[in-house]
Amino acid sequence: MSQTVLESPQDLIRFQLRTALTMENDSLAALKELAGAAKSTDVKKLFRHHQEETREQIANLQQVFRVLELPESTAPSPSTKGISRQAESLIKRAAPALRDQVALASALGNEHYEIAAYTSLILAVNAQSTEAAKLLQQNLDQETHTSEELRTRLQAMAG
């Protein structure tokens, strides 16, 4: 079901959930690409670990749809598609010695977008369902932790 006009807070929540599901599916694909582009075993391992977390986040979003009694579906997420295209472009242009740094920086940009998306969604859902808000908070906590890991690794590379 596609809806062009959002007329109520419930419409907005449903749309945000649908785009969050797309966002996480896009992230899962991007993490696979970033792991492939990374040179160091350590950075590859970080991306693989976050793939597992992303699968958990997708399951949490699916549970939120059920808790809120909304039909599960996706909606376009042009932002995550753009972030992925930017990452691909940078990786193609980066010298092999910079691949890890470029991959980490690209992932950090995606994490910040996801943090903003979850923060907004939690604020919208909180009054409606504490269970849904708790599941979304788990996702936000994972994204925040990953963002900090990425920032720390980038800082170490910058030296």
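Neighbour counts of other C-beta atoms within 10 Å: give me Thr19, Thr144, Thr80 arranged from fewest to most.
The fewest-first ordering by Cβ neighbours comes to Thr144, Thr19, Thr80.
Need the C-alpha centroid separation for the range 19-38 versus the range 85-150, integer Å.
Rounded to whole Å, the Cα centres lie 10 Å apart.
Ranking request for peptides 38-45, 89-96: highest mean number of other beta-carbon atoms within 10 Å first, then the rest in descending order.
Packing proxy ranking, top to bottom: 38-45, 89-96.
For each pair in Lys39/Lys81; Lys45/Lys81; Lys32/Lys81, compute the distance between the two Cα atoms and list the pairs where it is over 20 Å.
Pairs exceeding the cut-off: Lys39/Lys81; Lys45/Lys81.
Convex hull over the Cα atoms of the range 1-88, averaged projected area in nm²?
So the Cα hull casts an average projection of 6.2 nm².
List, in order, the whole-Hz ³J(HN,Hα) value for each residue of the range 20-36 obtained from phi through the Karplus relation with A = 6.51, B = -1.76, C = 1.60 and θ = phi - 60°; use x for Gly and Pro.
5, 5, 5, 4, 5, 5, 4, 5, 4, 5, 5, 5, 4, 5, 5, 4, x
State the answer as a single residue: which of Val125, Thr146, Ala158 lies farthest towards the positive end of the charge dipole of the range 89-159, with beta carbon charges of +1 for Lys and Arg and -1 for Asp and Glu, about the Cα centre.
Towards the positive end, the residue furthest out is Ala158.
Could you tell me the convex hull volume per residue, in Å³, taken over the Cα atoms of the range 9-158?
Convex hull volume per residue, Cα atoms: 89 Å³.
For a Förster distance of 25 Å, can you work out the FRET efficiency between the beta-carbons of Ala59 and Ser120, rounded to the nearest 0.05?
Calculated transfer efficiency: 0.75.
Run the numbers on the range 13-159 and let me know its relative contact order in percent, using alpha-carbon pairs under 8 Å that are six or more apart.
RCO, the range 13-159: 30 percent.
Give the relative contact order (percent, whole number) for the range 29-85; include only Cα pairs under 8 Å separated by 6+ residues.
25 percent
With a 10 Å radius around each residue's Cβ, average the other Cβ atoms per peptide and rank 126-134, 151-159, highest first.
126-134, 151-159
Run the dipole for the chain about the Cα centre, Lys and Arg Cβ at +1, Asp and Glu Cβ at -1, nothing else charged, and hand back the magnitude in debye, nearest 20.
That gives a dipole near 680 debye.
Figure the gain on full extension for Lys81 and Ser8 (residue separation times 0.36 nm, minus the Cα-Cα span) and round it to one decimal in nm.
Separation in residues times 0.36 nm, less the Cα-Cα distance, equals 23.6 nm.
Fewest Cβ neighbours within 10 Å first, please rank His50, His112 accordingly.
With the fewest neighbours first, His50, His112 line up as His112, His50.
If one computes P(r) from the Cα atoms of the range 81-159, what percent of pairs lie at distances over 15 Å?
Roughly 61 percent, rounded to a whole number.
Set Lys and Arg Cβ to +1 and Asp and Glu Cβ to -1, take the dipole of the chain about its Cα centre, and tell me which of Ala75, Pro9, Asn25 lies farthest positive.
Projecting each Cα onto the dipole axis, the largest value belongs to Asn25.
Throughout, read-outs are computed from the coordinates displayed, never taken from laboratory work. In this text, all values refer to a predicted model and were calculated from it rather than measured experimentally. All Cβ positions, glycine included, derive from the backbone under ideal geometry; neighbour counts span all protein chains shown.
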